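Visitor: Input: one structure, supplied below.
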Amino acid sequence: MRINLVLMAFVLLLLKGHAQKQPNIVLLFADDISARELPIYGSTVWSPPKGGTTSDVKYKAQTPILDKIAEEGCYVKTAWASTVCGPSRAMMMTGRYAHLHKWWHNKDKGKAPNGKGNWNLYDSSPHSIAHVAKAGGYATFWAGKTQMSIDGFPFDEGCFTPGEGSYNKAIHTTDFRLETRKVTGKKVIYNADTNKPIHKKSYVQSGWYWKPHVQLMNHPSAKQKFVWWPNDKNSKKRYGLDTFGPDVELEFTFDFIERKVKENKPFFVYHTSHLGHDAWDFLNPSSEGKWPGTPKINWDGKKYTRVTPKVTGDNGVYNTYGTITESGIHHHVNYLDYQVWQYLNKFKALGIENNTIFIFCADNGTSGYGKSSPISQKGTHVPLIIYAPGMNLTKKGAQDVLANMSDLIPTIADLGGVEIPDSYEMNGESLIPFLTTNKPKHRDWVYGYHKETTIIRGDLVMKDGNNVWYDVSKYPKDLISFPKIKDWSKVSEAHRKERDELKKVVPKFDQHATAHDAPKGGYGKVDPLVKK
């Protein structure tokens, strides 16, 4: 895939007053949030605190800032990821599908070429999102969730919640974790905070919301590459039960951005927020809701205000003094909206709002509804918003086109002037030609995967992971209840033609049974990235 240099020059000229400098990029990758959770997508249903589906407006998110940037920028009506977090993050990090990187599902990953252990993403796909950004001259920062070994990705700095090595292990900064212990020969999950076994279904985890496990990478204040935060007198003094992990991520992200602006260095921020992901509620362990509360916020029509959290107590008994919301993914989406508002304010304060591109998306469908589901597009349909106020985009508002999370790497390559060699298979397609020209369509089909199953759709038809075909020519009110096609003679010739084209695409990627693991010797020599 070679970058169109004429197009790249055009893109740079579109940047008002900044033709001499490539745009900064912030990619906010939210966790387990279906498109239906954002009001801009117009769904008549969304998720209640216990999971599932509701049309009760009290559980509907309120997102004035995401609405604003979606209308002033643009948003894609049909953006797809994989059905679950690991494979989706692999798609985002590599721009490739599972037939190449071998992450078929969270617990279904291909073996390394030597047959021992899983194949690392950075080995299967050496031109990762970090490599492409670095080749484009960007200073790079990774904040939030990792869910993979990070050593092979060349990010300059990072703030991870939780950090490497905290899974099922005690970390000195916090006891907010669920861990397995052997009791009479059986594994039992314990709440390390209460030192008691839990009595409802959950999974081993290090706390990433309240009193979080935070690890810094290559921070200029630290003497080692990785340090657990808090790591100095001031941070230790303010760290406690009222410390909210997403706030810490954003604080260190802004610190990085401010330093790079002073250095006149373009930056790429990869912010993989946990917001949206369900978790054990350490402050309210008896809660029946799936999503721990966030600090309370208020939108007055012009600005947000945030209530300063106050939490006291210990051993699972806590008082939050009304400063924290009740459970619910709508509160997580609201808090993401608040953080996007903070981002925009930071860009304006630093004078970079017209030279910074902001992208908001998510990794898969909502827990308790679409996550890990191969049915229809429940697991794959996610939001995708692109906001570039300094770029005269030819597209505004809702875009009834198809896009894929794999498209982000080629897009970043175009923005950074990076040429990805033709010899290197990249499954994504750059969004830049669609966003900056009169091109009416971005791509002909989108693809997702769920273990051994494949999910694919075009403009008219879709095949889900259960091999059920749907007529997707019109969106239903709930965004998933498309009519099933049981008699192909009752749909148009165009529908049948598109079905036949999609059937030709699937075999290339449907390799779970035939090429589940890495080939011996890997893929061999890889041609380098080139900066143009």
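Visitor: Taking segment 439-480 on its own, how many of its residues are part of a strand (DSSP E or B), of a type in the set (Val, Ile, Thr) and over 24 Å from the mean Cα position of the chain (by Cα)?
Guide: 1
Visitor: Please verify whether segment 213-222 includes one or more residues that are hydroxyl-bearing (Ser, Thr, Tyr), open to solvent by 10 Å² or more (accessible area, probe 1.4 Å) and touching a Lys or Arg at 6+ places or on another chain (Cβ under 8 Å).
Guide: No - not one qualifying residue is present in segment 213-222.
Visitor: Go through (1) within 24 Å of residue 400 (Cα to Cα); (2) open to solvent by 10 Å² or more (accessible area, probe 1.4 Å); (3) in a loop (DSSP other than H, G, I, E, B) one by one and return the number of the condition residue 82 breaks.
Guide: Status for residue 82: all satisfied but (2).
Visitor: Name the residue that is surrounded by the fewest Cβ atoms within 10 Å (Cβ to Cβ), counting only residues in segment 133-164 that are polar (S, T, N, Q) and in contact with a strand residue (DSSP E or B) (Cβ under 6 Å, 6 or more places away or on another chain). So that I can check it myself, show each step before the final result.
Guide: Initially, segment 133-164 is screened for residues polar (S, T, N, Q), giving 140, 146-147, 149, 161.
Subset that is in contact with a strand residue (DSSP E or B) (Cβ under 6 Å, 6 or more places away or on another chain): 140, 146, 161.
Numbers: 140: 24, 146: 17, 161: 26.
Top of the filtered list is 146.
Visitor: Conditions first: (1) in a strand (DSSP E or B); (2) buried (at least 24 other Cβ atoms within 10 Å of the Cβ); (3) not charged (D, E, K, R). Residue 370 passes all but one, so which condition is the exception?
Guide: (1)
Visitor: Against the definition (β-branched (Val, Ile, Thr) and touching a residue at least 60 places away in the same chain (Cβ under 8 Å)), how does residue 324 come out, yes or no?
Guide: no
Visitor: Which of the residues that make up segment 286-310 are surrounded by fewer than 18 Cβ atoms within 10 Å (Cβ to Cβ) and not small (Gly, Ala, Ser)?
Guide: Once the filter is applied, which keeps residues that are surrounded by fewer than 18 Cβ atoms within 10 Å (Cβ to Cβ) and not small (Gly, Ala, Ser), segment 286-310 yields 288, 298, 299, 300, 302, 303, 305, 306, 307, 308, 310.
Visitor: Looking at 162, 154, can you tell me which residue is on the phi < 0 side of the Ramachandran plot, in contact with a helix residue (DSSP H, G or I) (Cβ under 8 Å, 6 or more places away or on another chain) and not aliphatic (A, V, I, L, M)?
Guide: After ruling out the rest, the residue left standing is 154.
Condition check ((1) within 18 Å of the chain's Cα centre (by Cα); (2) closer than 20 Å to residue 451 by Cα; (3) crowded, with 23+ Cβ neighbours inside 10 Å) across all residues:
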| site | (1), (2), (3) |
| --- | --- |
| 99 | no, yes, no |
| 102 | no, yes, yes |
| 118 | no, yes, no |
| 121 | yes, yes, yes |
| 127 | no, no, yes |
| 168 | no, no, no |
| 172 | no, no, no |
| 182 | no, no, no |
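Visitor: Let me ask something else about it. Open to solvent by 10 Å² or more (accessible area, probe 1.4 Å) and closer than 23 Å to residue 73 by Cβ: which single residue out of 355, 404, 392, 427 fits that description? Before the answer, list the steps.
Guide: Numbers: 355 fails: open to solvent by 10 Å² or more (accessible area, probe 1.4 Å); 404 fails: open to solvent by 10 Å² or more (accessible area, probe 1.4 Å); 427 fails: closer than 23 Å to residue 73 by Cβ.
When all the criteria are applied, what remains is 392.
Visitor: Given the criteria closer than 15 Å to residue 32 by Cβ, surrounded by fewer than 24 Cβ atoms within 10 Å (Cβ to Cβ) and touching a residue at least 60 places away in the same chain (Cβ under 8 Å), does residue 397 qualify? Walk me through it before giving the result.
Guide: Details: closer than 15 Å to residue 32 by Cβ: no; surrounded by fewer than 24 Cβ atoms within 10 Å (Cβ to Cβ): yes; touching a residue at least 60 places away in the same chain (Cβ under 8 Å): yes.
No.
Visitor: So if I check each of 455, 485, 480, which one is buried (at least 16 other Cβ atoms within 10 Å of the Cβ) and farther than 20 Å from residue 363 by Cβ?
Guide: 485
Per-residue answers, yes or no, for (1) among the β-branched types (Val, Ile, Thr); (2) more than 30 Å from residue 137 (Cβ to Cβ):
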residue: 156; (1), (2): no, no
residue: 161; (1), (2): yes, no
residue: 174; (1), (2): yes, yes
residue: 177; (1), (2): no, yes
residue: 190; (1), (2): no, yes
residue: 197; (1), (2): no, yes
residue: 203; (1), (2): no, yes
residue: 212; (1), (2): no, yes
residue: 218; (1), (2): no, no
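Visitor: Could you tell me whether segment 307-329 includes any residue that is out of contact with any Asp or Glu (no Cβ under 7 Å at 6 or more places or on another chain), among the hydrophobic types (A, V, I, L, M, F, W, C) and closer than 22 Å to residue 26 by Cβ?
Guide: no
Visitor: Separate question: Quick one: residue 270 ticks every box in (1) open to solvent by 10 Å² or more (accessible area, probe 1.4 Å); (2) in a strand (DSSP E or B) bar one, so which box is it?
Guide: (1)
Visitor: Please specify each residue of segment 41-71 satisfying the condition of being open to solvent by 30 Å² or more (accessible area, probe 1.4 Å), not in a loop (DSSP other than H, G, I, E, B) and not charged (D, E, K, R).
Guide: 57, 59, 64
Visitor: Sticking with this structure for a sec: For residue 6, state whether it is open to solvent by less than 40 Å² (accessible area, probe 1.4 Å), at pLDDT below 95 and of a type in the set (Val, Ile, Thr).
Guide: No: the conditions fail for residue 6.
Visitor: Among 317, 340, which is at pLDDT 95 or above and surrounded by 17 or more Cβ atoms within 10 Å (Cβ to Cβ)? Before the answer, list the steps.
Guide: Working: 317 fails: surrounded by 17 or more Cβ atoms within 10 Å (Cβ to Cβ).
Residue meeting the stated conditions: 340.
Visitor: Check segment 489-500 and report whether any residue there is part of a loop (DSSP other than H, G, I, E, B) and either farther than 30 Å from residue 53 by Cα or more than 27 Å from the chain's Cα centre (by Cα) (or both).
Guide: Scanning segment 489-500 turns up at least one residue that is part of a loop (DSSP other than H, G, I, E, B) and either farther than 30 Å from residue 53 by Cα or more than 27 Å from the chain's Cα centre (by Cα) (or both).
Visitor: Also, quick follow-up: In segment 184-212, which residues are of a type in the set (D, E, K, R) and open to solvent by 30 Å² or more (accessible area, probe 1.4 Å)?
Guide: Answer for segment 184-212, where residues must be of a type in the set (D, E, K, R) and open to solvent by 30 Å² or more (accessible area, probe 1.4 Å): 186, 187, 196, 200, 201, 211.
Visitor: Continuing with the same structure: With the requirement that a residue be of a type in the set (Gly, Ala, Ser) and free of Cβ contacts under 8 Å to residues at least 60 places away in the same chain, what does segment 204-223 give you?
Guide: Matches in segment 204-223: 206, 221, 222.
The values are calculated or read from the model by the stated rules, or taken from the named source; none is laboratory data. Since we're looking at a predicted model, the values are computed, not measured. A quick note on method: Cβ atoms are made from the backbone with ideal geometry, for glycine too, and the neighbour counts reach across all protein chains shown. Side chains are part of the model used for accessible areas, which takes the heavy atoms of the whole protein and leaves out ligands, DNA and RNA. Shrake-Rupley method; radii C 1.70, N 1.55, O 1.52, S 1.80 Å.
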